[in-house]
Structures are given as structure tokens and as C-alpha cells.
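Structure first, then comments.
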Amino acid sequence: MVVQRLDIHRRDRGERALVTLAGVIGPATVPLLRAALEQCLRDGMTAIDVDLATVGSCDSRGMDVFLTVSQCADHVHSSLRLHHPCAQISRLVDGTGYAPLLLAAPARPVPPVLLTGLSRTSRPYGGWQGGGDRAGAPVAKDAIRLRRLNRRQAEGLSEDLAELAVESVAGLSAEADRKRDDFLRWLALSARRPGFALVVAETTVLVGCVFGFPVGPRGRSERGLQESVQRLTGCARFLLLTQVVARHHAQHRDIGRRLQQRLLADRHTALAVTLLPAADRAGQAAFESWGWRNCGAMLGLPGRGAPYVLVLFGEGGGPVPAPRTAALGRA
């Protein structure tokens with residue numbers, strides 16, 4: 001009896017996943033293939049490139065996996081493409097009628113997107129070497145690109161993001177250390193929440209980031225906040241932004257606004273909410289310059305003092321409520 005074997009190797013390049021297969025796709029190996037491709041979607045990959053150059057054959061169940069994952073990817077604005085199939089797999093794909101959807105253009109190589117970090121001396125950032133538009137495309141000095149990271153990528157870039165967050169207090173070591181620790185703590189806590197999302201802005205270096213997670217009626221830990229925001233805005237669901245960082249740049253204000261609107265669009269959410277300490281006047285002013293509306297103090301939340309709640313509707317969203325003190329509802 002011949003034992004089927006399928007080796008699966010995955011390499012992430014920015015938001016693309018390159019999955020290299022070697023062996024046979026058959027009854028014994030189809031579950032492994034399905035698990036690997038579905039994991040790519042769970043990790044937030046926006047493109048899945050499957051290299052079949054060393055796959056000898058694929059049965060109908062394996063093709064069903066490719067079709068099913070491709071359809072799921074389309075629903076979450078992602079894609080799956082098959083590269084270098086053998087003659088048998090090509091005939092199988094043609095028989096499904098989905099060849100234009102599944103097969104990548106043979107003359108177009110997969111563009112490499114290499115994710116590397118900033119050093120402490122802020123050397124040129126490598127996150128867009130050979131970016132997604134065309135391989136080897138140069139990055140203009142002031143051209144700002146926005147990119148969503150999955151949890152794994154966010155963890156790998158956490159120290160670089162923390163360095164960006166403390167730039168404004170670089171001369172005060174104690175304050176910088178505290179701010180860095182706070183940033184890393186909020187990033188770690190937010191990353192554990194379902195629906196966590198993070199978007200970075202890049203030129204040749206990192207220039208900004210924003211992250212948060214969705215809050216809805218079924219959540220328990222933010223139930224009081226959810227009820228109060230719903231009374232203020234009429235929205236039962238919203239995105240709670242826990243951090244926004246934008247480097248001082250010629251397009252500083254535009255960076256923050258674009259990051260926030262991109263995050264709302266990616267999560268298909270009409271409303272963003274953030275909470276700021278009452279004493280953080282500079283932070284409130286920055287958010288207001290990005291188009292946020294200050295709704296006043298949120299009474300009754302745990303901790304010292306009443307934070308201020310600020311709201312931002314997505315582009316084309318509804319009216320923003322007038323500022324007032326928001327009393328916390330009880331569960």
C-alpha cells in the first residue's frame with residue numbers, strides 16, 4: 001500500500017501567503033491542505049498563492065478544497081490563485097469551469113513583499129520592497145501607503161511600533177519607557193480580542209498605525225460602554241480604537257485620518273469610538289483635528305476619573321451627536 005504524502009510550506013510576504021505544496025493531493029492529504037489554506041484566511045491574508053510545481057496529482061476532493069477556500073476568500077475580500085499546475089491538475093481545473101478564477105496568469109510572477117522592521121536608528125523601512133503593485137517598484141519619499149497586519153505580523157512588528165509611539169518623548173527616558181510599556185500592553189490586550197485589526201502607514205519608514213477591536217451588544221466586558229454609545233449615536237456596534245499613532249510629517253493630519261477611515265472600511269463598521277483621559281487635552285485636540293466629535297465625559301466606568309468619549313463616523317456615515325456628558329448605562 002502506497003502512503004500518500006503532502007509537504008506544506010508557508011511563507012508570508014506582507015499580506016500575501018505563499019503556500020508551496022510537494023507530493024500528492026488525495027484522500028489522506030486533503031484535510032491537511034484544507035487546514036493550511038483556512039488558516040491563511042484566519043490570519044487575515046489578502047492573497048493566497050499556491051505553488052503546485054512539485055505536486056504530482058490532485059483528486060476531485062482536493063479541487064473542491066481549492067474552490068471552497070477561493071469562494072470563502074472572495075467573501076472576505078481576499079483571493080486564492082494556483083501557480084504552476086501539472087497537466088493533470090490543469091485539466092481538472094478546466095473541467096470545473098473556474099479556471100479564470102483559480103489559475104494565475106503564467107507570465108506574471110508573484111511579487112515579493114518583504115516585511116522587515118525599523119531599527120532604533122530609523123533606517124529605511126523594508127515593508128514595501130517590491131510592493132504589491134509591481135515587483136521592484138520604487139517607493140517615493142512622501143508616498144504614504146496603508147497596509148493591514150494580522151496578529152502574527154503585529155506581534156513581529158510590535159517593538160518598531162512602540163518606538164514610533166514614543167518618538168515625541170525620546171528625550172525623557174522615564175516617560176518614554178512608561179509610554180512604550182503602555183503601548184505594548186494595549187497592543188497585547190487588543191490583539192487577544194476577536195476581530196482585532198491593525199493598519200500601518202508607511203513611506204520608506206513607518207509613519208503611523210491604528211488598532212482596535214469591534215464592540216457589539218453581545219459583548220460582556222464593554223456592555224456599559226456599548227449601551228451608552230448606542231444611546232449617544234444610535235449605533236449598536238462600533239470599533240473601539242485603543243491606539244492611534246501618527247508621526248510628525250508633512251501629511252501628519254492626513255495620515256491619522258486615512259488610517260482611521262481605512263480601519264473602518266476594512267472592518268465594514270460605520271462608527272469608531274475612543275476613550276481619552278479628561279486631562280489629555282492634546283490628545284483630544286489631535287482627534288478633533290482628524291474629524292472626531294467629543295461627546296463629553298463617560299461617567300461610571302471603572303478606574304479613576306471619567307474619560308471623554310470621542311466618536312467618528314465612517315465616510316458617508318450618519319450625523320454626529322452634540323457634545324454632552326454620557327452617563328453609563330447599567331447591565
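Worth pointing out:
- Given R0 = 41 Å, the distance between the Cβ atoms of ARG231 and HIS9 translates into a calculated FRET efficiency of 0.20.
- Given R0 = 41 Å, the distance between the Cβ atoms of SER90 and ARG151 translates into a calculated FRET efficiency of 0.70.
- Amide H within-cut-off set for ILE48, under 5 Å, with H built and near neighbours excluded: ALA17, SER79, LEU80, ARG81
- Sorting 62-74, 85-97 by average packing, meaning the other beta carbons within 10 Å per residue, from highest down gives 62-74, 85-97.
- Theoretical FRET efficiency, 1/(1+(r/R0)^6), r = Cβ-Cβ of TRP186 and SER60, R0 35 Å, to 0.05: 0.15
- Local electrostatic count at PHE213 - Lys and Arg +1, Asp and Glu -1, tallied over other residues with Cβ under 12 Å: +4
- Residue-count net charge about ALA22 - beta-carbon cut-off 13 Å; Lys, Arg +1, Asp, Glu -1: 0
- Other-chain or far-sequence residues with amide H under 5 Å of LEU6's (modelled H): VAL24
- Label-to-label distance for ALA22 and TYR98 is 2.8 nm, based on points extended 7 Å past Cα in the beta-carbon direction.
- Placed amide H near GLY296: partners under 5 Å, 5+ positions off or other chain: VAL309, ARG324
Read-outs throughout are calculated quantities, based only on the coordinates presented, and are distinct from any laboratory measurement. As the structure is a computational prediction, the values presented were derived from the model and not from experiment. Glycine also receives a Cβ, built like all others from the backbone with ideal geometry; neighbour counts cover every protein chain displayed.
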